[in-house]
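First, the structure itself, so that you have it in front of you.
Just so you know, all these numbers are worked out from the coordinates, no wet-lab data involved. The shown structure was predicted, so the numbers you read here are calculated from the model rather than taken from an experiment. Please note: Cβ atoms are built from the backbone with ideal geometry, for glycine as well, and neighbour counts cover all protein chains shown.
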Amino acid sequence: MENYGSFDFLKKIYYERMAGTEAELKTAQIIIQECMKNHVEAHLEEFEIDAYHIKEATLETSANRYEVTGIGMSGSTSPEGLEAPFVVMENLNQMKSADLEGKIVFLNMRIVYSSYKVLCEKKAAGFICCSGSLYDDRKNTDLEWMRLRPTFYQFGKIPGVCIRMMDAQKLLAEHPEKVRITLIEEEYRLPSHNVVATIEGSTYPDETIVFTAHYDSVRFSKGAYDNGTGSATILELLSYFSNHLPKRTLKFIWCGAEELGLLGSKAYVANHQEELKKILLCINVDMTGVLIGYDCACCTTQMSVVQYLDYFGKELGFPISVKQGVYSSDSTPFADNGVPAISFARLAPRGGSEIHSRKDVIDFLDEDVFYATCRFITAFSERLISSVVFPVEQGIPEKMKEELDYYYLRKERNNG
């Protein structure tokens, strides 16, 4: 199967592409140009996202001042800051039984939904979370920028800051009775964009298969692996099918603002409810191309698709691990709206290529490995697209509906 040069696309978008920025919009315009080179029209679909600007973020004790970043969308303290009793919480059970009212709470982890909910319920005054490793090289490691998602601040806003793990060690060794945090942020709305291209089906034009991948990255990351490679993979698929016209209609969606909570794909399904009735399958690609890694697929579908895809991998001699489940990427909003969805990825093992930091670089990607994954996804997709009767059963099985409820926090797991 011929390659269409999509690996080279990675070099064109090898820069930080945070949602809502000019760099994200620049990338969207480059994607449109790439589609036009394949004689496929593409357009932008705008949606709004919550955004913020941190003006000041500090953490002080009576003895030290620590480097921190502010937690975006967590509100602000007064200009003079917030001084309050300091408590350390090591796990969720401890938080649920502790008196946190009016206190600044240290969490020995990233801020997560369950912990933030308890902070709000317990009327904590502020919080400190931590990031990184005790072994980080401070000069070559960025202090992470975190933000709350809408599912968090539905409970309210509690000012928070993030500290390096190595500084957290020093902070806790002080045993301070009180700390002072200052967080001054401006909150507003910004536009982000999905890029949408369509190839009309020749035989069954009213039946649609959607291909998705996100093209935004996080702060400090050039996002070569996450998710420049996924964006390049569906560009390769578009190139192939523009030269091998499909029997069914294909829609390619490069989603914006995935890193902020799948906002691009959520916006797409919200704005295209009538169209969803014609969509038979969503195929999402989230990270491919790492030399040290393994290919996998997560199917939010009936088990028959898992078995079919596993069989197809064995038939072609392509080593792919397939499971039924919910994958945290742009396939999930489609599945949550009743569209069967598959997410393909080539994941790196522990110690391999990293994401969400300056370490996500092109150096650990391999062109041959990238195209091997592209060829498999293309062959699988073409087989489905060309089928006389589309073999993927429509609808989402009850087991997967329950998993989607857990994913979207509509239900809590009973771990007892």
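Give me the dipole magnitude in Debye, nearest 20, for the chain about the Cα centre, with unit charges on the beta carbon: positive for Lys and Arg, negative for Asp and Glu.
Details: 44 positive and 59 negative charges, 129 e Å.
It works out to roughly 620 debye.
Pick out, from Phe364, Ser387, Trp145, the residue whose Cα sits farthest towards the positive end of the charge dipole of the chain, with +1 on the Cβ of Lys and Arg and -1 on the Cβ of Asp and Glu.
Working it through, the farthest residue towards the positive pole turns out to be Trp145.
Which percent, to the nearest 5, of DSSP beta bridges fully inside the chain are antiparallel? Kindly include the intermediate steps, with their values, before the conclusion.
Numbers: 40 of 75 bridges.
Restricted to the chain, the bridges split so that about 55 percent are antiparallel.
So, one more: For the range 63-175, what's the relative contact order in percent, using C-alpha pairs closer than 8 Å and at least 6 residues apart? If you can, show how the numbers build up before the last one.
On the way: 184 pairs, mean separation 41.1, N = 113.
The normalised contact order for the range 63-175 reaches 36 percent.
For an R0 of 51 angstrom, estimate the FRET efficiency from the Cβ-Cβ distance between Asp137 and Val388 and round to the nearest 0.05.
Details: r = 59 Å, r/R0 = 1.15.
After rounding, the FRET efficiency stands at 0.30.
While we're on this one: Give me the percent relative contact order of the chain, please, defined on Cα pairs under 8 angstrom at least 6 residues apart. Each step should come with its number before you reach the end.
On the way: 917 pairs, mean separation 78.2, N = 416.
Answer for the chain is 19 percent.
Assuming a ≥ b ≥ c are the square roots of the Cα gyration tensor eigenvalues, decide whether the range 279-358 counts as rounded (a/c under 1.5), prolate (otherwise, with a/b larger than b/c) or oblate. Don't skip to the end; give the middle numbers.
Details: a/c = 2.59, a/b = 1.27, b/c = 2.04.
Because a/c hits 1.5 or more and a/b fails to exceed b/c, the range 279-358 counts as oblate.
Another question, if that's okay. Two decimals is fine: what's Rg over Rh for the range 63-175, C-alpha atoms, Kirkwood radius as Rh? Don't skip to the answer; put the middle values down first.
On the way: Rg = 13.5 Å, Rh = 14.4 Å.
Rounded to two decimals, Rg/Rh equals 0.94.
Among Glu60, Glu48, Glu174, which one shows the biggest mean-square fluctuation in a GNM of the chain, springs joining Cα atoms closer than 10 Å?
Most flexible of the set in this elastic network: Glu174.
Measure out, as a whole number of angstrom, how far apart the alpha-carbon centroids of the range 78-114 and the range 326-365 sit.
Their Cα centres are 31 Å away from one another.
If you take every DSSP beta bridge whose two residues both sit in the range 63-175, what share of them, in percent to the nearest 5, is antiparallel?
20
State the answer as a single residue: which of Leu82, Ile253, Phe220 lies farthest towards the positive end of the charge dipole of the chain, with beta carbon charges of +1 for Lys and Arg and -1 for Asp and Glu, about the Cα centre.
Leu82
Given a cut-off of under 8 Å on Cα pairs at least six residues apart, what relative contact order in percent is computed for the range 134-259?
Working: 136 pairs, mean separation 39.6, N = 126.
That works out to 31 percent.
Also: Apply the a/c threshold of 1.5 to the C-alpha gyration tensor of the range 253-312 and tell me whether it is rounded, prolate or oblate.
oblate
Could you check the simple spin-label distance between Arg350 and Glu121, using points 7 Å along Cα→Cβ, in nm with one decimal?
That separation, rounded to one decimal, is 3.1 nm.
Give me the one-decimal nm value for the distance between modelled label points at Asn414 and Asp363, 7 Å along each residue's Cα-to-Cβ direction.
5.1
Set Lys and Arg Cβ to +1 and Asp and Glu Cβ to -1, take the dipole of the chain about its Cα centre, and tell me which of Ile234, Leu404, Ile320 lies farthest positive.
The one lying farthest along the dipole's positive direction is Leu404.
When the chain is treated as a GNM, springs tying every alpha-carbon pair under 10 Å, which of Leu245, Leu119, Leu100 comes out with the largest mean-square fluctuation?
Leu245
Compare Leu404, Leu237, Leu316 in a GNM of the chain, Cα atoms joined below 10 Å, and give the one with the largest fluctuation.
Taking springs between Cα atoms under 10 Å, the residue moving most is Leu316.
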